[in-house]
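Student: After the structure tokens below, expect a handful of questions from me.
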Amino acid sequence: MVRLTSIHHKGATKLVAQVDDGAAYVDLSCIASDARGFFEKESAIAEAKELIANEATPKIPASEARLLIPLDPSTCGKFLCIGMNYTDHCTEQNIPAPDEPVVFNKFPSALSGPNDPVVCDTTLTSKLDYEVELGFIVGKTVPRNLKAEDAHAYIGGYTVVHDVSARDWQLERNGGQWLLGKCQDGYGPIGPVIVTSDELNLEQVHKLKISCRVNGETLQESNTDQIIHKVDQLIAHMSKFMTLYPGDVVATGTPPGVGCFRKPPRWLQPGDVVECEIEQIGTLVSPIVASLSPSPASAALARVSKGRLEGRVCIVTGGARGIGFGIATHFGLAGASVVVVVDLSQEAVDKAAAELQAMAPTCKFEGLVCDVTNTESVQTAWDSVAKSHGRLEVVVQAAGIVGETHLKCESVNPANFDAVMSVNVKGIFNGCKAALPYMTKQGFGRIVNIASISGKEGNAGMLAYSTSKAAVIGLTKAVGKEYAETGVTINSLAPAVVRTQMVEDMPPMQVKYMTDKIPMKRCGKIEEIASLVSFIASPEASFTTGFCFDATGGRATY
């Protein structure tokens with residue numbers, strides 16, 4: 001059999017075979033560009049096996065690649081699911097086994113891959129649940145009214161499915177229709193591989209151990225021999241109603257132990273990690289994360305930029321909360337190898353690193369205490385990161401304070417002015433000074449300094465803050481030009497007001513003053529800033545330095 005999946009490696013997405021017990025991959029791009037194309041090619045399995053068996057075939061170490069969803073969602077036409085299809089699951093509910101399959105659907109937009117975050121938007125659902133399921137991928141176009149005994153030839157392979165479910169929307173709302181509780185974006189992780197059906201026959205696939213763990217605790221444990229309507233019977237049944245095409249996904253139902261039938265119910269919460277495992281296929285990991293704002297856009301943003309920061313060692317100052325925390329999250333989801341969160345409190349950085357680790361488990365998060373206003377402390381901290389990880393490639397400087405506000409110049413306390421300038425300007429100078437020797441030696445580096453629209457336009461009542469952010473923009477322009485020929489870029493980003501705790505602590509009149517100037521008439525969202533910073537910090541942003549990027553909802557168009 002071939003353990004088929006996709007990876008991001010050296011800037012490209014590749015169809016590969018997983019080999020050496022998951023320690024390496026063999027590139028199958030010469031056979032097909034994606035799983036659907038692989039299944040559609042008659043000779044694909046034979047060609048893949050020949051490549052894998054050849055000792056001269058190069059292997060890609062798993063440590064150098066990022067594992068992706070094994071099936072490109074754009075090649076999936078239908079995502080079908082079967083309800084109440086395990087004998088022991090029906091017993092759990094005290095209901096009889098259904099005489100015919102209970103078929104419902106998700107959408108291809110629900111598909112996601114191994115380690116992709118599942119957003120638990122608590123403004124939308126309070127009853128998020130887990131379900132481990134055996135899934136199969138259609139390999140060839142299934143003719144209508146196919147007989148069950150002929151079904152095996154049309155199966156491309158088998159995978160693990162995590163059928164994420166918002167039980168309140170599935171069972172209590174939407175008129176009793178299941179759709180909205182099942183089809184939300186990211187509610188259908190699959191992976192880690194697709195095991196081809198050439199050596200995993202129908203008899204074998206119905207004798208596999210299946211389990212689900214949440215935070216290491218086993219909550220579902222059964223065997224696929226409990227499946228009521230077998231895979232071949234499902235294909236035959238569905239072919240009565242529709243044509244199944246290559247790339248279509250079918251999830252075959254879940255065993256007992258789901259959260260909604262536990263006493264008391266066990267609902268998923270941000271920070272949980274779900275592991276769905278099926279014998280001979282593998283373990284699919286899904287971290288449960290909170291939305292970075294009331295909008296669940298963060299998971300979509302992460303999928304778009306996946307691999308953008310592959311393997312990078314990064315520092316984010318001010319990373320324990322607010323914009324810095326959002327940037328650190330996005331970096332982890334975008335493939336960074338290490339993200340060091342820098343802030344003033346050991347408790348705060350430890351807590352942030354633990355939360356981030358749960359959201360992006362493939363990245364290593366570390367907490368580091370450092371006062372960015374102290375030149376020697378910053379140098380020591382940056383040295384320790386570079387020594388521990390062999391390089392320092394990305395520094396985002398988001399540490400900052402607002403200082404006293406709603407004051408005119410004559411009322412500003414000089415001591416407060418100095419404090420704001422020390423953190424917001426000297427802190428960024430110190431970070432650049434300590435990072436640039438490493439980056440120039442490497443011939444690659446990205447520094448992103450968080451400025452503000454107030455540095456461009458000046459906000460009345462925020463003299464110290466506006467002055468400091470104007471200085472950040474000027475500093476960035478100068479340093480960017482100084483290092484323009486080294487492979488290192490230094491840019492700044494000037495957001496308008498973003499909904500963070502720092503903004504929540506401002507006087508309402510001050511916030512209204514700022515949002516009234518924004519044509520979009522709203523605060524920015526943390527994930528919008530994080531996504532833009534992720535691009536600026538990536539190799540893609542290679543021809544821009546000394547520039548101040550805008551994120552102001554139309555307020556600044558210059």
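The values are calculated or read from the model by the stated rules, or taken from the named source; none is laboratory data. Keep in mind it's a predicted model, so treat the numbers as computed, not measured. Ideal geometry is used to build each Cβ from the backbone, glycine not excepted, and the neighbour counts take in all protein chains shown.
Student: Is it true that S126 is crowded, with 17+ Cβ neighbours inside 10 Å and within 30 Å of T329 (Cα to Cα)? Can you show your working first?
Tutor: Numbers: crowded, with 17+ Cβ neighbours inside 10 Å: no; within 30 Å of T329 (Cα to Cα): yes.
Answer is no for this residue.
Student: Just a yes or no: is a residue in the range 439-460 free of Cβ contacts under 8 Å to residues at least 60 places away in the same chain, closer than 26 Å to K408 by Cα and surrounded by fewer than 19 Cβ atoms within 10 Å (Cβ to Cβ)?
Tutor: Yes: one or more hits.
Student: Are any residues in the range 297-322 in contact with a Pro (Cβ under 8 Å, 6 or more places away or on another chain) and modelled with pLDDT of 90 or more, and if so, which ones?
Tutor: none
Student: Might you check whether a residue that is modelled with pLDDT of 95 or more and among the small types (G, A, S) occurs anywhere in the range 69-77?
Tutor: Yes: one or more hits.
Student: While we're on this one: So, in the range 24-47, exactly how many residues are part of a loop (DSSP other than H, G, I, E, B) and within 22 Å of the chain's Cα centre (by Cα)? It would help to see each step written out before you state the result.
Tutor: Of the range 24-47, the ones part of a loop (DSSP other than H, G, I, E, B) are 28-34, 41-43.
Checking which are within 22 Å of the chain's Cα centre (by Cα) leaves us with 34.
So the count comes out to 1.
Student: Are any residues in the range 529-558 outside any loop (DSSP other than H, G, I, E, B), of a type in the set (A, V, I, L, M) and closer than 17 Å to V472 by Cβ, and if so, which ones?
Tutor: Correct list: I529, L532, V533, I536, A551.
Student: Quick check on I82: is it in a loop (DSSP other than H, G, I, E, B) and under 30 Å from P255 (Cβ atoms)?
Tutor: Considered against the rule, which asks whether it is in a loop (DSSP other than H, G, I, E, B) and under 30 Å from P255 (Cβ atoms), I82 comes out as no.
Student: Another question about this same structure. Just for the range 137-156: of the residues that are out of contact with any Ser or Thr (no Cβ under 6 Å at 6 or more places or on another chain) and aliphatic (A, V, I, L, M), which one is nearest to V2 (Cα to Cα)?
Tutor: Here the answer is I137.
Okay, residues lined up against (1) at pLDDT 95 or above; (2) crowded, with 19+ Cβ neighbours inside 10 Å; (3) within 20 Å of L344 (Cα to Cα):
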residue	(1), (2), (3)
C432	yes, yes, yes
A471	yes, no, no
A484	yes, no, no
Q501	no, no, yes
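Student: Looking only at residues that are over 26 Å from the mean Cα position of the chain (by Cα) and in a loop (DSSP other than H, G, I, E, B) in the range 345-391, which one is modelled with the lowest pLDDT?
Tutor: S345
Student: Give me a count of the residues in the range 170-208 that are of a type in the set (V, I, T) and either more than 29 Å from the chain's Cα centre (by Cα) or surrounded by fewer than 22 Cβ atoms within 10 Å (Cβ to Cβ) (or both). It would help to see each step written out before you state the result.
Tutor: Going residue by residue through the range 170-208, those that are of a type in the set (V, I, T) are 190, 193-196, 205.
Now narrow it down to the ones that are either more than 29 Å from the chain's Cα centre (by Cα) or surrounded by fewer than 22 Cβ atoms within 10 Å (Cβ to Cβ) (or both): 205.
So the count comes out to 1.
Student: Then there is this: Determine, yes or no, whether K41 is without any contact (Cβ under 8 Å) to a residue 24 or more places away in the chain and basic (K, R).
Tutor: Yes: the conditions hold for K41.
Student: On the basis of being buried (at least 20 other Cβ atoms within 10 Å of the Cβ) and either in contact (Cβ under 8 Å) with a residue 24 or more places away in the chain or more than 24 Å from the chain's Cα centre (by Cα) (or both), does S542 make the cut?
Tutor: no
Student: Being assigned to a loop (DSSP other than H, G, I, E, B) and touching a residue at least 24 places away in the same chain (Cβ under 8 Å) is the filter; apply it to the range 99-111 and report the residue that is farthest from M1 (Cα to Cα). Let's see the steps before the verdict.
Tutor: Keep residues of the range 99-111 that are assigned to a loop (DSSP other than H, G, I, E, B), which gives 99-101, 107.
From what's left, touching a residue at least 24 places away in the same chain (Cβ under 8 Å): 100-101, 107.
Working: E100: 31, P101: 29, F107: 28 Å.
Here the answer is E100.
Student: Within the group A35, A23, A44, which residue is in contact with a strand residue (DSSP E or B) (Cβ under 6 Å, 6 or more places away or on another chain) and either surrounded by 20 or more Cβ atoms within 10 Å (Cβ to Cβ) or modelled with pLDDT under 95 (or both)? Give the steps one after another, and end with the answer.
Tutor: Values: A23 fails: in contact with a strand residue (DSSP E or B) (Cβ under 6 Å, 6 or more places away or on another chain); A44 fails: in contact with a strand residue (DSSP E or B) (Cβ under 6 Å, 6 or more places away or on another chain).
Step by step, each of A35, A23, A44 is checked, and only A35 is in contact with a strand residue (DSSP E or B) (Cβ under 6 Å, 6 or more places away or on another chain) and either surrounded by 20 or more Cβ atoms within 10 Å (Cβ to Cβ) or modelled with pLDDT under 95 (or both).
Student: Here's another thing I want to ask about it. Does any residue in the range 522-533 that is of a type in the set (S, T, N, Q) come within less than 7 Å, Cβ to Cβ, of a residue that is surrounded by fewer than 23 Cβ atoms within 10 Å (Cβ to Cβ) and assigned to a helix (DSSP H, G or I) six or more places away or on a different chain, and which pairs are these?
Tutor: Listed by first residue and then by second, the contacts come to S531/L301.
Student: Tell me, which residue of the range 392-425 that is touching a Lys or Arg at 6+ places or on another chain (Cβ under 9 Å) and either part of a loop (DSSP other than H, G, I, E, B) or hydroxyl-bearing (S, T, Y) (or both) is farthest from G445 (Cα to Cα)?
Tutor: Only one residue fits best here, namely G400.
Student: Taking A484 as meeting all but one of (1) in contact with a Gly (Cβ under 8 Å, 6 or more places away or on another chain); (2) within 18 Å of G431 (Cβ to Cβ); (3) among the aliphatic types (A, V, I, L, M), write down the number of the exception.
Tutor: It fails just one condition, (2).
Student: Turning to a different aspect of this structure: Can you pull out the strands (runs of 3 or more DSSP E) entirely within the range 112-231 that have at least 1 residues that are farther than 13 Å from S286 by Cβ and among the hydroxyl-bearing types (S, T, Y)?
Tutor: Because the criterion is at least 1 residues that are farther than 13 Å from S286 by Cβ and among the hydroxyl-bearing types (S, T, Y), the strands (runs of 3 or more DSSP E) in the range 112-231 that meet it are 155-162, 188-196, 209-214, 217-223.
Student: Oh, and also: Please work out if S531 is of a type outside the set (D, E, K, R) and surrounded by 23 or more Cβ atoms within 10 Å (Cβ to Cβ).
Tutor: Yes, satisfied.
Student: Of all residues in the range 71-117, which are closer than 13 Å to G188 by Cα and touching a helix residue (DSSP H, G or I) at 6+ places or on another chain (Cβ under 6 Å)?
Tutor: Those that are closer than 13 Å to G188 by Cα and touching a helix residue (DSSP H, G or I) at 6+ places or on another chain (Cβ under 6 Å): L71, P73, C76, F79, K106, P108, L111, P117.
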